[in-house]
Each structure stands twice: as structure tokens, then as C-alpha cells.
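Input: a single structure, listed below in C-alpha cells.
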Amino acid sequence: MASEYHSSGEYIKHHLQNLTYGQHPDGTWGFAHGAEEAAQMGFWAINVDSMLFSIGLGVLFLFFFRMAAKKATTGVPAGLQNFVEWIVEFIHGSVRGSFSHHNPLVAPLALTVFVWVFLMNAMDLIPVDWLPWAASLAGVPYLKVVPTTDPNVTFGLSLSIFVLIIYYSLKMKGPGGFFAELAFQPFPKWLFPLNLVLEGVGLLAKPVSLSLRLFGNMYAGEMIFILIALMFGGGWLLAAFGGVLQWAWAVFHILIITLQAFIFMTLTIVYLDMAHAEHH
Amino acid sequence: MNFNATLIGQSITFIFFVWFCMKFVWPPIMNALETRKKQIADGLAAADRGKHELELAAKMAGDNLRDAKAQAAEVIARAEKRAAEIIEEAKSAAKDEGERQLAAAQANIVQESNRAREALREQVAALAVAGAEKILRREVNAQTHADLLGQLKAEL
């Protein structure tokens, strides 16, 4: 595929460009052609590919789980129900292990985060050229198939979780208690500006690290897939070697996508547990 | 890496998915899991109870069997005793009957022999008288010597 492009740099850039819809500087609405145009559209533009794939995968997840939930019997579980129960039990165990308060939101939240992030990550296993190529046949200029390689997606998740952290911190500790937690430790009270800076950075680091970890891992993984895909344009020998490399990296990537989804879920639970915990 | 409204779209999508999961997915599955857990626990408890009851029943059956055996042995012993008694009674009754019949037969024999002897005596007396009559016909008057003949008859 790489041979269709003028240079490998162009190929990589093309693969890392989202399909962005927004207002052009001249006032017309349409898809951006290239990174500069997308940047010029400013904030009020939308990455159509990220939205479509993430919503599609989320709907897929909820559809199958809802189907299993509707047919859930207390008898011997079979097929889909067995699989869904396996995941639900796993999430339930993780939440019980890390979250020591009572909140009916946390377990479903953890389930959604884990399965959804896993599915979005799993898009990475589809060979990098297949879907963009199919889209180009349909006249779509850009297509980035892995939603979690779009920082908008990972930040969308982590900022929502950040809002929940703030909400439960205020609800459980009260505004005074929350402020005290930020201002009166770890150093003595008279050093409270220093405390505030330290704890404030710590608090803000939570959503940033959460989303950047996932984004970074998936972006790097995708980049390596793209670099491997470049080899397919370099003759039979290089192409065969690229095939082996791609297979090996995909196998390794199965571990990474699962691990990243798990880490994202576990940290979400831990952060919410910290938000609930009272400091004494 | 430029931020745009996708951020907001993702947040809304995420919130919707979490709400849906919390409302329609998690509770029914958790419910089924909890109910099944309880059913399994109940089943195990029932199995334990059943085992216990089985042990009790086996013990009771053993006791009953032992009692029945003892009763049967007693009945048999009693029956044997009774049989021996019946045999004894029958034996003694037979003996008595035999003795009685023997005695009757002996009495009969004695009676018969007495009667025969009486008849014989009558005939011998008649024969003797007839002989004497023949001898003494001429010289002895039958009427005068009747006392003597009667005395002789009595002595025979």
C-alpha cells in the first residue's frame, strides 16, 4: 500500500490523521484535508472516525451484554451468558478488591471502561491498511480505526472520571474536608501554599496520566504497525519479513491492549476509592 | 494531536454507556449470579441434611432389624418349647390310653375265662351227675341224694 504514497513520511502522516469534520477558515463546513486544515478548524470540529468506531464498539458491547442480561438465568449458564458472567465476575472481584466503599456506580463503570477500552484497543489488531483502504474506495480521505490512538477519546474518558472524582470527593468529605486534604498535608498547616501546589498537581496528574498512558501505548503500538506496514512496499523479501514482524507484534499487542484496558479500569477504581476515603 | 469537540462527544457517549450499563446490564447479571450462589449454598445444605437423615435412617433400620431378629428368636424358642410339650402330652395320653385298653382287655379275658369255667363246671357237674345217676340208678334214689349231689357240684 505504501507505494501509493509519494514518501513513507506521507504514508505515516496519512495514517495518523483523523477524519475531521468542521468549519473551514473560509466559512464552509466539510472534512479537513490534512493536519493543518484540521488544526485550523479549532475546537468546534469533530473526529468522525473516532466517534463512529467508539460508539459502534460501545453499542456492540452493550448489545451483547444486554442480551446476556435479559436472558440471564439462575440455572446452568451457557454460551454468551457464561462469557459475560466470566467478565462480570472478574470486574466484580477487581472492584471488591480495590474499592472499599458502597457505591452502585463503580462496578458498572469499571465494566464499561474495561470492555469498551479493550474493544477500542482491539481495533489495533486489524491490519492497518484494511479499513482505511476500504474507506478510500468509498471516497473517504482519512480513517483512523483505533479510537484510543486519538487523545480526544482517552481524555474524554479520563476527564469524565475526573469529574466523578471531584464530585465524590466533595460529596464524601464536604468542601472543607476536600480542601483540607489538598491544603493541610503532607507538610504542616503553615506551609499550606506548598501543600496546595503539591496536592493540586497530584490531583490534576490523575486524569492526565490516565489518558496519556492509554493514548501513548496505543499510539506507539499503532505507529509500529504502520512502520511494519511500510516494509510491504519494499520487495518480496522485506514484505515476508514484515509479515512475520506484524504477526509477532500483533501477538504481543494482545497482551498490551488487555493490560492497558485493565490498568485504565483498575486506576479508575482506585481513584474513586481515594475520592471516597476520609483522611484523618 | 489537536483537541476538538470529539472530547465532549466522547464524554457524553461514555456517560450514556455507563448509565445504560448501570441500569440494564449490571443489575440483572449480578442478580442472576447472587441467586445462583444462594441456590448452590441451599443445595449443599440440603445435601448435608439429606446425608445426615440417611445416617439416622440407617441407624434406625439397624435397630429395627436387631429387634426383629430377637423377637423371631424368642418366637421360635417358644414354639419349640410348645412343640416339645405337645409331644410329651401326646405321649402320656397314648400311654394312658394303652394302659386303659390293656386293663379292659385283661378284665374281659378274666370275665370270659370265668364264664367259660362256670359253663365247664356246669357241664362237668351235669356229666358227673349223669355218670353217677347211671351207676346208682338202681340203688340210689335221686331225690334222697340231691343234697349230696348239690354239695359235690359246689366243690367242683
- Query: If A:MET41 passes every condition in (1) surrounded by 13 or more Cβ atoms within 10 Å (Cβ to Cβ); (2) under 19 Å from A:PHE118 (Cβ atoms); (3) among the hydrophobic types (A, V, I, L, M, F, W, C) but one, which one does it miss?
  - Reply: (2)
- Item | Unique match (being within 14 Å of another protein chain (Cβ to nearest Cβ), crowded, with 22+ Cβ neighbours inside 10 Å, closer than 20 Å to B:PHE3 by Cβ and among the β-branched types (Val, Ile, Thr)) among A:THR148, A:THR112 | A:THR148
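Here is a yes/no grid of residues against (1) in contact with a helix residue (DSSP H, G or I) (Cβ under 8 Å, 6 or more places away or on another chain); (2) in a helix (DSSP H, G or I); (3) at pLDDT 90 or above:
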residue: A:TRP86; (1), (2), (3): no, yes, yes
residue: A:SER94; (1), (2), (3): yes, yes, yes
residue: A:VAL113; (1), (2), (3): yes, yes, yes
residue: A:LEU119; (1), (2), (3): yes, yes, yes
residue: A:PRO127; (1), (2), (3): yes, no, no
residue: A:ALA135; (1), (2), (3): no, yes, no
residue: A:ILE161; (1), (2), (3): yes, yes, yes
- Task: State all residues of the range A:250-280 that are out of contact with any helix residue (DSSP H, G or I) (no Cβ under 8 Å at 6 or more places or on another chain) and crowded, with 22+ Cβ neighbours inside 10 Å; if no residue qualifies, say none.
- Result: none
- Take A:ALA122 and decide whether it is farther than 30 Å from A:ILE226 by Cα and either aliphatic (A, V, I, L, M) or touching a Phe, Trp or Tyr at 6+ places or on another chain (Cβ under 6 Å) (or both). no
- Message: Checking the condition in a loop (DSSP other than H, G, I, E, B), free of Cβ contacts under 8 Å to residues at least 12 places away in the same chain, more than 8 Å from chain B (Cβ to nearest Cβ) and of a type outside the set (Asp, Glu), which residue from A:HIS102, A:HIS33 passes?
- Response: A:HIS102
- Query: For A:PHE53, are the conditions met, namely being within 22 Å of the chain's Cα centre (by Cα), over 26 Å from A:ALA229 (Cα atoms) and not β-branched (Val, Ile, Thr)?
  - Reply: no
- Query: In the range A:62-89, what residues are closer than 27 Å to A:VAL146 by Cα and surrounded by 21 or more Cβ atoms within 10 Å (Cβ to Cβ)?
  - Reply: A:PHE65, A:ALA68, A:VAL84, A:VAL88
- Task: Determine which single condition A:ILE46 fails, assuming it passes every other condition in (1) facing chain B (nearest Cβ under 7 Å); (2) within 19 Å of B:LYS37 (Cα to Cα).
- Result: (2)
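Scanning for something at the interface with chain A (Cβ under 7 Å from one of its Cβ atoms) and assigned to a helix (DSSP H, G or I), does the range B:40-47 turn up at least one residue?
no
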- Note on the structure: Given the conditions (1) among the small types (Gly, Ala, Ser); (2) more than 7 Å from chain B (Cβ to nearest Cβ); (3) touching a residue at least 24 places away in the same chain (Cβ under 8 Å), every one holds for A:GLY58 apart from (2)
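The values are calculated or read from the model by the stated rules, or taken from the named source; none is laboratory data. A quick note: this is a predicted structure, and the numbers were derived from the prediction, not measured. Every residue, glycine as well, gets a Cβ built from its backbone with ideal geometry; the counts of neighbours run over all protein chains shown.
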